[in-house]
Amino acid sequence: KNQVEQSPQSLIILEGKNCTLQCNYTVSPFSNLRWYKQDTGRGPVSLTIMTFSENTKSNGRYTATLDADTKQSSLHITASQLSDSASYICVVSGSGTYKYIFGTGTRLKVLA
Amino acid sequence: DAGITQSPRHKVTETGTPVTLRCHQTENHRYMYWYRQDPGHGLRLIHYSYGVKDTDKGEVSDGYSVSRSKTEDFLLTLESATSSQTSVYFCAISESGASGTEAFFGQGTRLTVV
């Protein structure tokens, strides 16, 4: 069964600190992996998208990595800000499909 | 922001009544999706469309129907709302499907069935 699992479920860090969120997937055949940020009460917004051949992608203070062999991805947030408080969702797509498979997300809280 | 608008943004309805949610896009994207988001679950696909009048079921389609008579509009209908359909509903659009380009999401519709 195609699944996407994220850890931790929730995380609290102090402003200015770094953190890393994890995503493991079993989707096969694999096409691409995306990380989304979802603020409370809003729709998800894309941070990064990586295909099979890419193993890292950055978007400002967000850096995503992908290991297609172990089917793992991580999202690293550098120098966190209060505005980083949100849910971060890992989304995987299989080849030749119109569908996205969503993880349940990691809820990040950044404290002053 | 991508041109995608959901309406209404909030709705409270009674059990057994029909409800229609609208997703409107100005991007001329081919693919449109309806998802529901509930605590403890990732976004779950209800229905999707890959062109005008071309739709297919997702993993949680029971109790829902959709229609797409124009490229820009994708309607989700709950024929007879139940309390289990209380959720936040998101519409998404994509130019070339999940294996291709970016997917953009609407702001969501919070539906409460009492």
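Values quoted throughout were computed directly from the atomic coordinates according to the rules given, and no laboratory measurement underlies them. All of these numbers come straight from a predicted model, not from anything done at the bench. Methodologically, a virtual Cβ is constructed for each residue, glycine included, from the backbone with ideal geometry; neighbour enumeration extends over all protein chains shown.
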Cleavage-rule hits, GluC sites (Glu not before Pro), the range A:1-83, DSSP coil, Cβ neighbours within 10 Å at most 15:
A:Glu15, A:Glu54
Square roots of five times the Cα gyration tensor eigenvalues for chain B, Å
22, 14, 13
Quick one: the Cα spread of the range B:5-55 along its three principal axes, in angstroms, biggest first?
33, 25, 18
Find which of B:Trp34, A:Ile89, B:Ser87 sits farthest along the positive direction of the dipole of the protein assembly as shown, computed with +1 on the beta-carbon of Lys and Arg, -1 on that of Asp and Glu, about the Cα centre.
B:Ser87
Treating the beta-carbon of each Lys and Arg as +1 and of each Asp and Glu as -1, no other charges, what is the dipole magnitude of the range B:31-114 about its Cα centre, to the nearest 20 debye?
140
Counting other beta carbons within 10 Å of each Cβ, put A:Asp69, A:Asp39 in order, fewest first.
A:Asp69, A:Asp39
Inter-label distance for B:Lys70 and B:Ser7, nm, one decimal - labels placed 7 Å from Cα along Cα-to-Cβ
1.1
Restricting the range B:1-88 to trypsin sites (Lys or Arg not before Pro) in coil, as DSSP defines it, with at most 16 other Cβ within 10 Å
B:Arg9, B:Lys53
Extension length gain for B:Thr77 and B:Asp62 (0.36 nm per residue less Cα distance), in nm, is 4.3 nm
Calculate the FRET efficiency for A:Thr97 and A:Arg61 from the Cβ-Cβ distance with a Förster distance of 41 Å, rounded to the nearest 0.05.
0.85
Averaged across the residues of B:36-45, what count of C-beta atoms belonging to other chains lies within 10 Å of each residue's C-beta?
5
Take the protein assembly as shown, drop everything but the C-alpha atoms, weight them equally and run the Debye formula without solvent; then report log10 I(q)/I(0) at 0.08 Å⁻¹ to two decimals.
-0.29
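Based only on Cα atoms, what Rg/Rh ratio does chain A have, Rh being taken as Kirkwood's radius? Before the final figure, lay out the partial values.
Details: Rg = 13.4 Å, Rh = 14.0 Å.
Answer for chain A: 0.96.
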Put +1 on the Cβ of each Lys and Arg and -1 on the Cβ of each Asp and Glu in chain A; which of A:Val4, A:Ser73, A:Met50 then has its Cα farthest toward the positive end of the dipole?
A:Val4
